Amino acid sequence: MGACSRFIAENAVHLTAVEGTEPRMNALRTRLRDLNNWDGVILNYQDFKTDQKYDVVCFFGVFEYSGKFIKAEKPFEWAINHAKSFLKDDGVLLISIENKNGLKYFAGLSEDHHPQPYYGICGYPETKDTKTFSRKEMIDMLNGCGLQSVDVQHLAPDYKCTRAVITDKFMQDNPIISADIMSNYPWEDYCHHLTAKFPTKLASVSLAKSGLLGEFSNSYLFISSRDENSKIKKSLLRAVNEDRSFAFLYTHGRKNNVVSKFIKKNEDYIVHKEWLTTTPTNLKKRRFIKNVLEDTPLYDGTGLIYLFLNYAYYGKNKELMSLLYKYLDFAFDKYKTDNPNILQRRAFDAIPRNTTIKDGLFFFFDEEFETLFDMTKSHFLFRVVWVDFGKLLPFFNKFEFGSLERFYEHLCSKFKVRMGDIKKLSELDRSVYREM
């Protein structure tokens, strides 16, 4: 409905849009109403003709429909060859598409274009219809059509609402971290709103350990050209090739969006955070929270949330509680102040989801925020329980405390912390998130 076209038109010399229906073109006209560097036509892609040669042709969520709308013996190959005919010699074809072998589909979520679960991973009916492809199938198809140079990027949770972009390079260098990132966002069932039948974070890490994670990405971005020396492709991948940024995380829905870039310097990675567009103008008006945009090392090791989930799923409650107590002892010591009830303000973000453990030592990462009010131990325990354990609860083999309230009460008692008012702490957290 024009979102991608808007971005492209704002950054390119010229855009030509091909839309299949009048309502979609009207949406595009509205979206681009203040721009004059574009033109568009309404027709079937198969009927589109022009003598113009383009730097880039984009298929964003449309290539999979080739079998339904293109009348040819091999409709998908025909679509690629048709696109190639509009490209300059070093032009680039971009295709964002679901992976038919995406882990979400194995977990029971329905295929995006068909309401029936397991529809794509069983191979699709042997008829001309809407289909997606595996990573290998797409690369083989692009190569077979003369696009010999193909870069693959992994999109999470999918290409429709992308929160993370991970290159093959980063996934090879950091498979476990990649698994943690890719499973960190909720997956949509666009047909039935079904939920996964197993904890996908555990499965993602298992696949990463097996060297198979990239084959199970839910969506891909394929960046293809006739040969690897394409100047246009090198320009599009400047952030990767020149800046050495090999993965990107984007916040969505905040007042002030941030991009985290995973940059390789020498043999190590750092995490660099910056405002997604321009520096926000509302920062001085904040009452509850401020951003801390500092470069930090990329800590490898095992994510604390993964370990908690693993212990919960397999009924290892004793091991879970032992690890939780060690983590809380460490956090309370690291962020202690002269007041035994108050922690340093950066402790707000030091919850399990932002913690990794290696060789028995805890490391905090993604400490992006610092409160503008005193951070009490009771508030910190509240966040541990409701922000992280609340999401783990459905996967517990047996949750011995019965409720989050009783769990919170137990932790306060264990660490001799005066219980906070749950409603007030919840409202305080909401106030914080409203300012982010």
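Quick notes on this structure:
- Within region 393-404, residues that are within 12 Å of K316 (Cβ to Cβ) and touching a residue at least 12 places away in the same chain (Cβ under 8 Å) sit with their Cβ atoms under 9 Å from residues that are in a loop (DSSP other than H, G, I, E, B) and aromatic (F, W, Y), at 6+ positions apart or across chains, in these pairs: N397/Y314.
- Here E267 passes the criteria (1) surrounded by fewer than 17 Cβ atoms within 10 Å (Cβ to Cβ); (2) closer than 27 Å to R430 by Cα; (3) of a type outside the set (S, T, N, Q) except the one numbered (2).
- Remark: pairs (first residue in region 73-98, under 16 Å from F133 (Cα atoms) and of a type in the set (S, T, N, Q); second residue at pLDDT 95 or above and assigned to a helix (DSSP H, G or I); Cβ separation under 9 Å; 6+ apart in sequence or on different chains) = S96/F63.
- Residues (surrounded by 15 or more Cβ atoms within 10 Å (Cβ to Cβ) and free of Cβ contacts under 8 Å to residues at least 60 places away in the same chain) located in region 295-318: L304, L307, Y311, K316
- S183 being surrounded by 22 or more Cβ atoms within 10 Å (Cβ to Cβ) and more than 15 Å from the chain's Cα centre (by Cα): no
- Meets criteria (hydrophobic (A, V, I, L, M, F, W, C), farther than 21 Å from I305 by Cβ and outside any helix (DSSP H, G or I)) for F399: no
- Of all residues in region 383-432 being among the hydroxyl-bearing types (S, T, Y) and in contact with a Phe, Trp or Tyr (Cβ under 9 Å, 6 or more places away or on another chain), the one that is nearest to R287 (Cα to Cα): S431
- Total residues in region 2-36, condition of a type in the set (K, R) and on the phi > 0 side of the Ramachandran plot: 0
- Residues of region 46-77 that are among the aromatic types (F, W, Y), more than 29 Å from the chain's Cα centre (by Cα), crowded, with 18+ Cβ neighbours inside 10 Å and not in a strand (DSSP E or B): none at all.
- Pair list, Cβ < 8 Å and 6+ apart or interchain, from region 378-392 residues that are at positive phi and of a type in the set (K, R) to residues that are part of a helix (DSSP H, G or I) and surrounded by fewer than 20 Cβ atoms within 10 Å (Cβ to Cβ): none
- Condition check for E126: of a type in the set (D, E, K, R) and part of a loop (DSSP other than H, G, I, E, B): yes
The values are calculated or read from the model by the stated rules, or taken from the named source; none is laboratory data. Only a predicted model underlies this, so the values are computations on that prediction, with no experimental measurement involved. Positions of Cβ are backbone-derived with ideal geometry, glycine not excepted, and every protein chain shown enters the neighbour counts.
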